[in-house]
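Asks: Dropping a structure here in structure tokens format, bear with me for questions.
The values are calculated or read from the model by the stated rules, or taken from the named source; none is laboratory data. Bear in mind that the values here come from a model prediction, so they are computed numbers and not experimental data. Using ideal geometry, Cβ is built from the backbone for each residue, glycine included, and neighbour counts are taken over all protein chains shown.
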Amino acid sequence: MVVIMNADAPERQVEEVIGKLNGYGFDVHRSTGVRQTVLGAIGVKPDFDIRHIKVLEGVSDVYRVTTPYKFASRTWKKENTVIDVDGLSVGGDELIIMAGPCSIESEEQIEVSAAVVAATGAQVLRGGAYKPRSSPYAFQGLGVPGLKMIREAADRHGLKVITEVMEINQIEIVATYADILQIGARNMQNFSMLRELGKVDKPIFLKRGLSSTFEEWIMSAEYIIANGNPNVMFCERGIRTFETYTRNTLDLSAVPVIKQKSHLPIIVDPSHGVGIRDKVAPLARAGVAVGADGLMIEIHPDPPTAKSDGPQSLYFNQFREMMQELRMIAQIVGRTLPEPALVA
């Protein structure tokens with residue numbers, strides 16, 4: 001149930017309504033928007049008469065939420081959520097570009113990658129220290145030494161850091177070094193992990209599961225928000241279909257659908273979405289055109305020698321060219337993208 005207070009309702013009236021809701025057995029979550037306060041009353045009470053709340057002083061309107069997710073819903077919050085990542089706004093007018101290698105392989109590799117990311121106007125350095133691999137014999141990541149490498153490289157170039165958390169026991173150490181915690185497709189419905197992420201004071205980057213519906217995806221975000229962390233951003237990274245030519249099928253319809261159903265930002269990952277280097281830039285352009293709040297792109301100083309995902313990683317010159325193209329499209333759709341610095 002959602003309770004909308006009058007725009008001029010004083011704090012006393014808001015507290016009285018919260019008290020009444022608590023008295024009826026509801027847990028109450030408060031959202032203070034630009035114009036008015038909205039209260040989310042959580043509790044399964046199908047026979048509850050909402051008029052008990054509607055008549056209270058200061059209440060503008062009351063209605064039931066029919067979707068299974070509450071806090072991630074547009075019903076709960078009409079305005080777009082803009083997530084503050086230590087001064088960087090995700091979900092606002094600025095298009096956010098997250099780029100870097102799939103795996104952190106060495107200090108030199110992550111350093112040269114960070115220099116290129118910063119020089120092109122991108123704002124976030126990506127790189128995996130812990131890697132979920134289909135084969136137990138494939139490169140599994142450098143772990144904590146890799147986290148230290150990416151943090152130091154990002155700091156030298158004024159970038160934020162995003163990296164993946166694979167297990168609950170990694171959350172604390174990853175949060176020490178990263179600005180954004182990435183949850184991969186395989187963990188999208190790891191509900192125990194999602195609950196723990198709700199206790200973390202860092203933004204969460206929630207990738208869509210390989211075969212997940214929009215509702216399942218949003219419900220996973222709901223787990224995190226309901227447990228205390230409202231800073232969740234979605235990532236469309238492709239789904240599994242009958243097509244085998246590409247690595248996955250990038251579902252760009254996810255962007256307008258999520259924008260309609262949720263107030264949370266959505267990022268598109270064309271690198272995993274298609275898995276073929278020369279198809280990444282066209283899908284990146286399409287992602288911006290369809291309204292994504294940002295992109296996640298894999299780049300590498302020498303893709304053929306990459307320890308993971310070389311075939312979908314862009315060469316540096318391809319990334320620079322793509323960023324110039326994105327800058328033009330961003331202007332058309334009303335977004336901004338920082339101008340490039342000197343070529344790295």
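Asks: From the list ILE168, ILE180, which one is surrounded by fewer than 21 Cβ atoms within 10 Å (Cβ to Cβ) and either among the aliphatic types (A, V, I, L, M) or in contact with a strand residue (DSSP E or B) (Cβ under 6 Å, 6 or more places away or on another chain) (or both)?
Replies: Answer to the check: ILE168.
Asks: Any idea which of (1) surrounded by 12 or more Cβ atoms within 10 Å (Cβ to Cβ); (2) at pLDDT below 85; (3) within 25 Å of the chain's Cα centre (by Cα) is the one VAL34 doesn't satisfy?
Replies: If we test VAL34 against (1) surrounded by 12 or more Cβ atoms within 10 Å (Cβ to Cβ); (2) at pLDDT below 85; (3) within 25 Å of the chain's Cα centre (by Cα), just (1) comes out false.
Asks: Please work out which residue is surrounded by the fewest Cβ atoms within 10 Å (Cβ to Cβ), limiting yourself to segment 198-234 and to residues that are farther than 23 Å from LEU250 by Cα, within 13 Å of the chain's Cα centre (by Cα) and among the aliphatic types (A, V, I, L, M).
Replies: ILE225
Asks: Quick one: in segment 307-319, which of the residues that are modelled with pLDDT of 95 or more and surrounded by 19 or more Cβ atoms within 10 Å (Cβ to Cβ) is farthest from the chain's Cα centre (by Cα)?
Replies: The residue in question is PHE316.
Asks: Okay, moving on. Taking only pairs six or more apart or across chains, which ones have beta-carbon atoms under 8 Å, a first residue in segment 84-100 that is farther than 11 Å from ALA122 by Cα, and a second residue that is basic (Lys, Arg)?
Replies: The qualifying pairs are VAL85/LYS160; ASP86/LYS160; LEU88/LYS160; ASP93/ARG335.
Asks: In the list ILE297, ILE267, ILE258, which residue meets the criterion of being within 16 Å of TRP217 (Cβ to Cβ), assigned to a strand (DSSP E or B) and modelled with pLDDT of 95 or more?
Replies: It is ILE267.
Asks: Test ILE53 against the stated conditions and say whether it is over 30 Å from MET166 (Cβ atoms), crowded, with 16+ Cβ neighbours inside 10 Å and either of a type in the set (A, V, I, L, M, F, W, C) or out of contact with any Leu (no Cβ under 6 Å at 6 or more places or on another chain) (or both).
Replies: Spelling it out, ILE53 is indeed over 30 Å from MET166 (Cβ atoms), crowded, with 16+ Cβ neighbours inside 10 Å and either of a type in the set (A, V, I, L, M, F, W, C) or out of contact with any Leu (no Cβ under 6 Å at 6 or more places or on another chain) (or both).
The rows are residues; the columns are (1) touching a helix residue (DSSP H, G or I) at 6+ places or on another chain (Cβ under 7 Å); (2) small (Gly, Ala, Ser).
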site	(1), (2)
VAL55	no, no
ALA72	yes, yes
LYS77	no, no
SER89	no, yes
ALA99	yes, yes
CYS102	no, no
SER113	no, yes
GLY128	no, yes
LYS131	no, no
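Asks: Specify which of the listed residues (GLY158, GLY198, GLY209) is over 25 Å from ARG285 (Cβ atoms), at pLDDT below 95 and small (Gly, Ala, Ser).
Replies: When all the criteria are applied, what remains is GLY198.
Asks: Residue under question is ALA153, and the condition is that it be more than 19 Å from the chain's Cα centre (by Cα) and surrounded by fewer than 22 Cβ atoms within 10 Å (Cβ to Cβ); does it hold?
Replies: Answer is no for this residue.
Asks: Continuing with the same structure: Test each condition in (1) touching a Ser or Thr at 6+ places or on another chain (Cβ under 7 Å); (2) under 18 Å from LEU142 (Cβ atoms) for LEU194 and report the one that comes out false.
Replies: Here LEU194 clears every test but (2).
Asks: Among the residues of segment 272-285, is there at least one that is under 19 Å from the mean Cα position of the chain (by Cα) and more than 22 Å from GLN182 (Cβ to Cβ)?
Replies: Among the residues of segment 272-285, at least one is under 19 Å from the mean Cα position of the chain (by Cα) and more than 22 Å from GLN182 (Cβ to Cβ), which makes the answer yes.
Asks: Right, here's the next one. May I ask you to verify whether GLY184 is touching a Phe, Trp or Tyr at 6+ places or on another chain (Cβ under 9 Å) and either small (Gly, Ala, Ser) or at positive phi (or both)?
Replies: No.
Asks: Can you tell me which residue in segment 235-255 is nearest to the chain's Cα centre (by Cα), limited to those that are assigned to a strand (DSSP E or B) and surrounded by 20 or more Cβ atoms within 10 Å (Cβ to Cβ)?
Replies: Among residues in segment 235-255 that are assigned to a strand (DSSP E or B) and surrounded by 20 or more Cβ atoms within 10 Å (Cβ to Cβ), the one nearest to the chain's Cα centre (by Cα) is CYS235.
Asks: Taking ILE225 as the residue in question, decide whether it is more than 22 Å from SER262 (Cα to Cα), in contact (Cβ under 8 Å) with a residue 24 or more places away in the chain and in a helix (DSSP H, G or I).
Replies: no
Conditions tested, residue by residue: (1) closer than 21 Å to LEU95 by Cα; (2) aliphatic (A, V, I, L, M).
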| residue | (1), (2) |
| --- | --- |
| ALA118 | yes, yes |
| ALA122 | yes, yes |
| ARG186 | no, no |
| PHE205 | yes, no |
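Asks: With the condition kept exactly as written, say whether any residue in segment 305-313 is under 14 Å from ILE97 (Cα atoms) and assigned by TED's automatic domain parsing to the domain that holds GLN182.
Replies: For segment 305-313, residues under 14 Å from ILE97 (Cα atoms) and assigned by TED's automatic domain parsing to the domain that holds GLN182: absent.
Asks: Which of the residues spanning segment 290-305 are buried (at least 21 other Cβ atoms within 10 Å of the Cβ) and either touching a helix residue (DSSP H, G or I) at 6+ places or on another chain (Cβ under 8 Å) or farther than 27 Å from SER89 by Cβ (or both)?
Replies: Within segment 290-305, ALA292, LEU295, MET296, ILE297, GLU298, ILE299, HIS300 meet the criteria.
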